[in-house]
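Each value in this text was obtained by applying a stated rule to the coordinates, not by laboratory testing. Quantities reported herein were computed from a predicted structural model and do not represent experimental measurements. Here the Cβ positions follow ideal geometry from the backbone for every residue, glycine too, while neighbour counts run over all protein chains shown.
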Ligand SMILES: [Zn+2]
């Protein structure tokens, strides 16, 4: 599991003059049922051996990284993950491993800094979700992010039973019971307020509790609810994970379709959206992108201004600085990087037919 804090810390690491070996190894059992990823690692090892550095100690550190990674892969490969991300700088005795559920492309990078770009993209494009399993006297709260479901805590309340007891009228008992249920639901709301408001919320439980709960929620949290399902409050965790993953998969698929449709329609109306490389690059330069939507693996050559970072598919001179632009192998990559730096949300389109509708890149604008 990788967190924003890890990325921040990794981003500030530098062991100069030594290099950091960054390895992304896809070990997905679906793609490599017989452990074929070992061949990929063998090829990377050759690259490491051939990597040229003049300083012998620096070179030794890199070769030691390869040794250490090999030993790790031989020993620890029963980790349940689809991608292993390993960073190493042997001269500083620094070695970190992040097993991840999402499938990333295998890649080896040897540089002064840890290569975190794929991780930054992953974290920027995948929202965390809060799952609340709710009953009249109990709630369990889970966090789902990057394929991992983690229980964050629970809220339990004493709620008197509905049945009639000494002296009281049945209707009084009923009211007494309901008051306690409401107190319980309010406790749950207090509890979930401690999570940041960026998370989408999914509620599981019986339908009556869910609708009462929704009514009590402040509007800002109500808006975060993306759906609910009927579910027991004490499910086997594997069953819950399956259900949550299916739910999120359908939600995200629908969400991307709606985003593309919105961008397509609103661009035609000249309202809050745009699409196409040139237009998106222009609005990015104006810092107007709220959400960048791009087809996965979409690439294009082009130019970028070294001074103001303006990106264009064809302009060789920067219209803002009036200086020569530099050639880039992939300006889509540069746009994504810039957009993340400018705190835009990032959404990948997996279906290239769908992406074609907005020329594979589009944006919802801030103003
Ligand atoms: Zn410029």
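Could you work out the Kirkwood radius for the range 205-282, taking every pair of different alpha carbons, averaging 1/r and inverting it, reported in Å? Mind dumping the intermediate values first?
Working: mean 1/r = 0.0635 Å⁻¹.
Result for the range 205-282 stands at 15.8 Å.
Averaging over all projection directions, find the projected area of the Cα convex hull of the range 191-240 and quote it in nm² with one decimal place. Each step should come with its number before you reach the end.
Details: hull surface 15.6 nm².
With every direction weighted equally, the projected area is 3.9 nm².
By how many nm would the segment from residue 92 to residue 308 grow when fully extended, if each residue of separation counts as 0.36 nm and the alpha-carbon distance is taken off? Each step should come with its number before you reach the end.
Numbers: separation 216, 0.36 × 216 = 77.76 nm, distance 3.65 nm.
Separation in residues times 0.36 nm, less the Cα-Cα distance, equals 74.1 nm.
Say R0 is 25 Å: what FRET efficiency, to the nearest 0.05, do residue 343 and residue 146 get from their beta-carbon distance? Numbers along the way, then the final one.
Numbers: r = 20 Å, r/R0 = 0.79.
Using R0 = 25 Å, I get an efficiency of 0.80.
Taking R0 as 41 Å, what's the FRET efficiency between residue 195 and residue 74 from their Cβ-Cβ distance, rounded to 0.05?
For residue 195 and residue 74, the calculated efficiency is 0.55.
Efficiency by 1/(1 + (r/R0)^6): what FRET value for residue 6 and residue 353, r their Cβ-Cβ distance, R0 = 30 Å, to the nearest 0.05? Could the numbers behind the result be given before it?
Working: r = 36 Å, r/R0 = 1.19.
It comes to 0.25.
Give me the percent of DSSP beta bridges within the chain that run antiparallel, rounded to the nearest 5. Could the numbers behind the result be given before it?
Values: 46 of 62 bridges.
Bridges in the chain that DSSP calls antiparallel: roughly 75 percent.
For the range 26-77, what log10 I(q)/I(0) values come out of the Debye formula at q = 0.19, 0.25 1/Å, with one point per alpha carbon and no solvent?
These q points yield log10 I(q)/I(0) values of -0.69, -0.96.
Largest first and to the nearest Å, give the Cα extent of the range 305-367 along each principal axis.
37, 23, 20 Å, listed from the longest principal axis down.
Taking only the alpha carbons of the chain, what extent do you get along each of the three principal axes, in Å, biggest first?
The Cα atoms of the chain stretch 91, 58, 35 Å along their principal axes.
How fast does the range 96-166 diffuse by Stokes-Einstein, in µm²/s, taking the Kirkwood radius from C-alpha pairs at 4 °C and 1.567 mPa s? Mind dumping the intermediate values first?
On the way: Rh = 16.2 Å.
After rounding, the answer is 80 µm²/s.
By how many degrees, between 0 and 90 and to the nearest 10, does the Cα long axis of helix 331-341 differ from the longest principal axis of the chain?
50
Among 171, 106, which comes first, then next, by fewest other beta-carbon atoms within 10 Å? Display every interim value, and only then the final one.
Numbers: 171 9, 106 19.
Least to most surrounded, the residues fall as 171, 106.
Calculate the length of the line joining the C-alpha centroid of the range 112-179 to that of the range 300-332, in whole Å.
The two parts, judged by their Cα centres, are 49 Å apart.
What whole-number value in cubic angstrom gives the convex hull volume per residue for the C-alpha atoms of the range 226-355? Numbers along the way, then the final one.
Values: hull volume 18.0 nm³, N = 130.
It is 139 Å³ per residue.
Does anything in the range 105-123 have its amide N under 17 Å from the 7 Å Cα→Cβ label point of residue 31, and if so which residues?
Residues 105-109, 117-123 qualify, since their backbone N sits under 17 Å from the label point.
Which distance in nm do the two modelled labels at residue 59 and residue 214 give, with both placed 7 Å along the Cα-to-Cβ direction?
Result: 6.7 nm between the two label points.
What would the Debye formula give as log10 I(q)/I(0) at q = 0.10, 0.19, 0.20 Å⁻¹ for the alpha-carbon point model of the range 118-262, no solvent?
Evaluating at q = 0.10, 0.19, 0.20 Å⁻¹ gives log10 I(q)/I(0) of -0.40, -1.16, -1.25.
Which of the three applies to the range 4-125, rounded, prolate or oblate, going by the alpha-carbon gyration tensor with a ≥ b ≥ c and a/c under 1.5 meaning rounded?
Numbers: a/c = 1.98, a/b = 1.23, b/c = 1.61.
Note, shape of the range 4-125 comes out oblate.
What distance in nm lies between label points placed 7 Å from Cα along the C-beta direction at residue 49 and residue 254?
5.4
Between 68, 288, 199, which gets the highest mean-square fluctuation from a Gaussian network model of the chain, Cα cutoff 10 Å?
Maximum fluctuation in the GNM of the chain, among the listed residues, is at 68.
Hey, what angle do you get for helix 237-269 against the long axis of the chain, alpha-carbon based, 0 to 90 degrees rounded to 10?
Value to nearest ten degrees: 70.
Ranked by Cβ crowding within 10 angstrom, fewest neighbours first, how are 242, 113 ordered? Could you put the intermediate results ahead of the total?
Numbers: 242 13, 113 16.
So the residues, fewest neighbours to most, are 242, 113.
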